[in-house]
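A.B. asks: Okay, handing you the structure first.
The values are calculated or read from the model by the stated rules, or taken from the named source; none is laboratory data. Because the structure is predicted, anything quoted here is derived from the model rather than measured. All Cβ positions, even for glycine, are placed from backbone atoms using ideal geometry, and neighbour counts span all protein chains on display. Please note that ligands, DNA and RNA were not included when accessible areas were found on the heavy atoms of the full protein model with its side chains. Shrake-Rupley method; radii C 1.70, N 1.55, O 1.52, S 1.80 Å.
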Amino acid sequence: GAVVSQHPSRVICKSGTSVKIECRSLDFQATTMFWYRQFPKQSLMLMATSNEGSKATYEQGVEKDKFLINHASLTLSTLTVTSAHPEDSSFYICSASNRGLELFFGEGSRLTVL
Amino acid sequence: GENVEQHPSTLSVQEGDSAVIKCTYSDSASNYFPWYKQELGKGPQLIIDIRSNVGEKKDQRIAVTLNKTAKHFSLHITETQPEDSAVYFCAASNFGNEKLTFGTGTRLTIIP
């Protein structure tokens, strides 16, 4: 079946640095990708919708200048957490749509900010 | 916007027994209701889904029922096995926009 790959799976960074997480659809083209954040023992919360070739749409309360999303190709979307702080530590998960037929989730990226 | 509530938050079931998880949603425009299984440190995995034109769907030991009038849907797992232990999330969306609203999750523990 279709696969969505995230990289890195785990990342530890110092406070104030920026971290980039990649989301790739491996065997299909995804015009739309979604980014979620999940805190421990909580549900997935949608952060933004990433559209290939256009600006991302952010959910209410998500700072677009802090969470930069780039969807430069039909198989790759990136999430950059800028000037990360300990409260940004979370599990970040992307999903990609196979032309609306089905949503596939990545394995997630655990970010720890020291 | 859509609001999805899920119950119970934790559920312990003896191996071989059945488990039922229930969700309610608020947006009558929602027409796609998937269920996901999430194991520790991993992304969610789709286990079954149902669309609004169907009242019930079954796949081996897993079944989902949908009551659009009451705006609730349920996951049924029969003959539970230890590997069924995980966190389960329901979700809802208007399939056209693919944006999922997730329930709060149910931690299912199967007792051997």
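A.B. asks: Along the positive direction of the dipole of the protein assembly as shown (beta-carbon charges: Lys, Arg +1; Asp, Glu -1; about the Cα centre), which of B:Pro34, A:Tyr58, B:Gly105 reaches farthest?
C.D. replies: Projecting each Cα onto the dipole axis, the largest value belongs to A:Tyr58.
A.B. asks: If you count, for every residue in A:41-50, the Cβ atoms of partner chains within 10 Å of its Cβ, what is the mean? Write down the numbers at each step before the final one.
C.D. replies: Numbers: counts 5, 3, 12, 11, 2, 4, 0, 0, 3, 0.
For peptide A:41-50, the averaged partner shielding equals 4.
A.B. asks: Explain nothing, just the number: relative contact order of chain B, from Cα pairs under 8 Å at least 6 residues apart, as a whole percent.
C.D. replies: Once divided by the residue count of chain B, the mean separation gives 37 percent.
A.B. asks: Quick one: work out the % antiparallel among DSSP beta bridges in the protein assembly as shown, nearest 5. Before the final figure, lay out the partial values.
C.D. replies: On the way: 71 of 80 bridges.
Counting only bridges with both partners in the protein assembly as shown, antiparallel ones make up about 90 percent.
A.B. asks: Taking the full set of protein chains and a 1.4 angstrom probe, give the accessible area of A:Lys66 in square angstrom, rounded to the nearest 10.
C.D. replies: 30 Å²
A.B. asks: Could you state the number of Å between the C-alpha centres of segment A:30-54 and segment A:84-114?
C.D. replies: Each part reduced to its Cα centre gives a spacing of 6 Å.
A.B. asks: Tell me, in nm to one decimal, what length is gained between B:His7 and B:Thr104 on full extension, where the rule is 0.36 nm per residue of separation less the Cα-Cα distance? Please report the intermediate quantities before stating the final value.
C.D. replies: Details: separation 97, 0.36 × 97 = 34.92 nm, distance 0.82 nm.
Result: 34.1 nm gained on full extension.
A.B. asks: Then there's this: Pick from A:Thr57, A:Thr49, A:Thr32 the residue whose mean-square fluctuation is largest in a GNM of chain A, springs joining Cα atoms under 10 Å.
C.D. replies: A:Thr57
A.B. asks: Could you check how many percent of all C-alpha pairs in segment A:45-105 are farther apart than 15 Å? Present the calculation step by step, with values, prior to reporting the outcome.
C.D. replies: Values: 977 of 1830 pairs.
Percent of Cα pairs beyond 15 Å in segment A:45-105: 53.
A.B. asks: Moving on. For A:His71, B:His76, A:His7, give me the order by solvent-accessible area with a 1.4 Å probe, most accessible first, ignoring ligands, DNA and RNA.
C.D. replies: Working: A:His71 10, B:His76 60, A:His7 115 Å².
From most exposed to least exposed: A:His7, B:His76, A:His71.
A.B. asks: Another one. Among B:Asp27, A:Asp65, B:Asp49, B:Asp17, what's the order by accessible area (1.4 angstrom probe), most exposed first? Working shown, then result.
C.D. replies: Values: B:Asp27 55, A:Asp65 125, B:Asp49 20, B:Asp17 80 Å².
Highest to lowest solvent-accessible surface, that is A:Asp65, B:Asp17, B:Asp27, B:Asp49.
A.B. asks: Follow-up question, since we're still on this one. Considering chain B as a Gaussian network with a 10 Å cut-off on Cα pairs, which listed residue, B:Gly41, B:Gly55, B:Gly16, attains the greatest mean-square fluctuation?
C.D. replies: Highest fluctuation of the listed residues: B:Gly41.
A.B. asks: Compute for chains B and A the buried accessible surface, both sides summed, probe 1.4 Å, and express it in Å² to the nearest 100.
C.D. replies: Values: alone 6250 and 6440 Å², together 11210 Å².
Separately minus together, B and A give about 1500 Å² buried.
A.B. asks: Hey, what does the equivalent ellipsoid look like for chain A, semi-axes from the Cα gyration tensor as sqrt of 5 times each eigenvalue, largest first, whole Å? The partial results should precede the final answer.
C.D. replies: Values: eigenvalues 99, 42, 32 Å².
The answer is 22, 14, 13 Å, longest axis first.
A.B. asks: Just flag the GluC sites (Glu not before Pro) in segment A:14-92 sitting in loop per DSSP whose Cβ has no more than 12 other Cβ atoms within 10 Å.
C.D. replies: For GluC sites (Glu not before Pro) across segment A:14-92 that sit outside H, G, I, E and B with at most 12 neighbouring Cβ atoms in 10 Å, the list reads A:Glu63.
A.B. asks: Report the charge-dipole magnitude of the protein assembly as shown in Debye, nearest 20, computed about the Cα centre from +1 at each Lys and Arg Cβ and -1 at each Asp and Glu Cβ. Don't skip to the end; give the middle numbers.
C.D. replies: Values: 22 positive and 23 negative charges, 67 e Å.
Charge dipole, the protein assembly as shown, about its Cα centre: 320 debye, nearest 20.
A.B. asks: Given N residues in the protein assembly as shown, what is Rg(Cα) / (2.2 N^0.38 Å)? Intermediate results must be reported in sequence, preceding the final value.
C.D. replies: On the way: Rg = 17.6 Å, N = 226, 2.2 N^0.38 = 17.3 Å.
Compared with the compact-globule rule of thumb, the protein assembly as shown sits at 1.02.
A.B. asks: Is segment B:5-84 best put as rounded, prolate or oblate by its Cα gyration tensor, with a ≥ b ≥ c the root eigenvalues, rounded for a/c under 1.5, and otherwise prolate when a/b is larger than b/c, oblate when not? Please list the in-between numbers first.
C.D. replies: On the way: a/c = 1.76, a/b = 1.58, b/c = 1.12.
Verdict is prolate for segment B:5-84.
A.B. asks: At 1.4 Å probe size, what's the solvent-accessible area of A:Ser109? Round to the nearest 10 Å².
C.D. replies: 0 Å²
A.B. asks: Report the longest stretch of chain B that contains none of the GluC sites (Glu not before Pro) sitting in a DSSP loop with at most 13 other Cβ atoms within 10 Å.
C.D. replies: Values: sites that count: B:Glu15, B:Glu39, B:Glu79.
The longest uninterrupted stretch comes out as B:40-78.
A.B. asks: B:Ser12 accessible area, nearest 10 Å², 1.4 Å probe?
C.D. replies: Solvent-accessible area, nearest 10 Å²: 80 Å².
A.B. asks: For B:Lys99, go through the lysines and keep the ones whose alpha-carbon is under 21 Å away, minus same-chain ones fewer than eight residues off.
C.D. replies: Reachable lysines: A:Lys55, A:Lys64, B:Lys22, B:Lys37, B:Lys42, B:Lys68, B:Lys71.
A.B. asks: What is the magnitude of the charge dipole of chain B about its Cα centre, with +1 placed on the Cβ of each Lys and Arg, -1 on the Cβ of each Asp and Glu, and no other charges, expressed in debye to the nearest 20?
C.D. replies: Values: 11 positive and 13 negative charges, 54 e Å.
Magnitude of the dipole: close to 260 debye.
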